[in-house]
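The values are calculated or read from the model by the stated rules, or taken from the named source; none is laboratory data. Everything quoted here is computed from the prediction, not taken from an experiment. Methodologically, a virtual Cβ is constructed for each residue, glycine included, from the backbone with ideal geometry; neighbour enumeration extends over all protein chains shown. These area figures cover heavy atoms from the full protein model, side chains too; ligands, DNA and RNA do not enter into them. Shrake-Rupley method; radii C 1.70, N 1.55, O 1.52, S 1.80 Å.
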Amino acid sequence: MDRPVPADPATQRVALVLEAGGARSAYQVGALEVLLPRLAEAGAQPRLVVGTSAGALLAAACAATAHLDAEEQTARLLGVLGQATKRGVMRPLWRHSPSVALRYASETLGISRFRLRGLVGTQPLHRTLRTALDWDAVHRNIEDGRLDAVAITATAVRTGRVVLFTEAAPGFGDLPRPPREHHRHYAPTRLGVEHLMASSAIPALFPSVRVEEPASAAGWYVDGATRRRVPLAPGLELGGERLVVVGTGSLHPAPADTERDREDVDIGDGGATLLGAVMDDPLRHDLRRLAEVNDLAADEAVLRALDRRRHEEGRPGHRAVPYVAVAPERGEELAALAMEVFRANHGSWLHTLGDPDLQLVHRLLGSDSPLQGELLSYLMFDPDFFDGAADLGRRDARQWLRREPQLWRTGPMPAPEEAGPAS
């Protein structure tokens, strides 16, 4: 049972947390198209934005459009999404393969100067991010205080440390300093294309990215989702008193099925399982922990006992944090959509001759895998997939609003059977 939502949302700082997802970010755009106008109506526009991987790209787009009304802002987000097609994200494999082969050969021969850092060329993504986003507006909206801070999550390759490149408004104050054992660091900087490239550099697939600024955090980085385990923590550490979370992985684990567990598997199944551990599990577990803390915060005696040590360490006490969380209720829907678009737009010989990349990936990763669509959904930078995924995001956001007419929730996420049928 949910507890009463404390305080007036218009008086509390709202943090928007945008999770990883590759091409699935279209789902997030659809959800934001419903949520942002509703938040504006409640006087609860996000003041903090935290983005990871594809969510980092959307975070920058939200920052660039923060001065606009909600309808115009979502229209601009859809426009940015429209430029993130395959041609605007990665080089054709046939053009990039010679570079991969030469770099692999140089490493085999011990010529470390020419290292192979990724299998896919992402030069088009760099150009897209440079031109599709109004970077002057990003900095202006932060400097003028329309946003308090924007944080982009990336993972340091050598140490595995999670680094949040953060641009904050004047007067924001010191950035958080989490305990060392959290292996998380906030780096103040002026955000740019390299930070988004680093956050979205899927290990092995996309090349690692060298970040130069700030000098204190310079180094090589990969996808911010790689090592982050508590995706909600930055929104709270930066001062968020309410959270709006939009993910792309299922909010509920797949039901037990011993018969399916006995079926033969291939490399595609293994890859899909790994992606689920990185993309889906952390958000699902963090939302559960948040609801548990909210429940404890309702009991003052328990809360005093829990917070005694935190106060001794100079850390803030627990508090109830109302939240909005939109992510796929049924995780297989985006995978099924990806397979449908693949078969329609990329599966025939004619389409393969015109653009063989997805067909090649499909074959290499095990074309008979029942989880193949799960993998393809992260790489399906196709307008038809974008349209379908955005529709699912709009549907799920509307379903949240129907379940939560006051917008906010403090208790645990409803079980799938409690959620009711989607419409």
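Looking at the stretch 216-231, can you tell me whether even one residue there is open to solvent by 80 Å² or more (accessible area, probe 1.4 Å), of a type in the set (Ser, Thr, Tyr), closer than 23 Å to Gly173 by Cα and in a helix (DSSP H, G or I)? Yes, because at least one residue in the stretch 216-231 is open to solvent by 80 Å² or more (accessible area, probe 1.4 Å), of a type in the set (Ser, Thr, Tyr), closer than 23 Å to Gly173 by Cα and in a helix (DSSP H, G or I).
Kindly indicate whether any position in the stretch 172-185 is in contact with a Phe, Trp or Tyr (Cβ under 8 Å, 6 or more places away or on another chain), at pLDDT 90 or above and part of a strand (DSSP E or B). No - not one qualifying residue is present in the stretch 172-185. Taking (1) more than 24 Å from Gln45 (Cβ to Cβ); (2) out of contact with any strand residue (DSSP E or B) (no Cβ under 8 Å at 6 or more places or on another chain); (3) touching a residue at least 40 places away in the same chain (Cβ under 8 Å) in turn, Arg146 satisfies each apart from (1). Considering the stretch 203-236, and only residues there that are among the charged types (D, E, K, R) and within 18 Å of the chain's Cα centre (by Cα), the residue that is modelled with the highest pLDDT turns out to be Asp223. Among helices (runs of 4 or more DSSP H) entirely within the stretch 338-413, having at least 2 residues that are modelled with pLDDT of 90 or more and open to solvent by less than 70 Å² (accessible area, probe 1.4 Å) singles out 383-403.
Can you confirm whether Glu329 is assigned to a helix (DSSP H, G or I), at pLDDT 75 or above, open to solvent by 10 Å² or more (accessible area, probe 1.4 Å) and within 27 Å of Arg38 (Cα to Cα)? No.
Applying the condition of being of a type in the set (S, T, N, Q) and either in a loop (DSSP other than H, G, I, E, B) or touching a Leu at 6+ places or on another chain (Cβ under 7 Å) (or both) to the stretch 232-271 and asking which residue is surrounded by the most Cβ atoms within 10 Å (Cβ to Cβ) yields Thr248.
The C-beta contact set for the stretch 193-220 (first residue free of Cβ contacts under 8 Å to residues at least 12 places away in the same chain, second residue basic (Lys, Arg), distance under 9 angstrom, 6+ apart or interchain) comprises Ala218/Arg210.
Scanning the stretch 129-159 for residues that are within 23 Å of Ser208 (Cβ to Cβ) and part of a strand (DSSP E or B) yields a total of 7.
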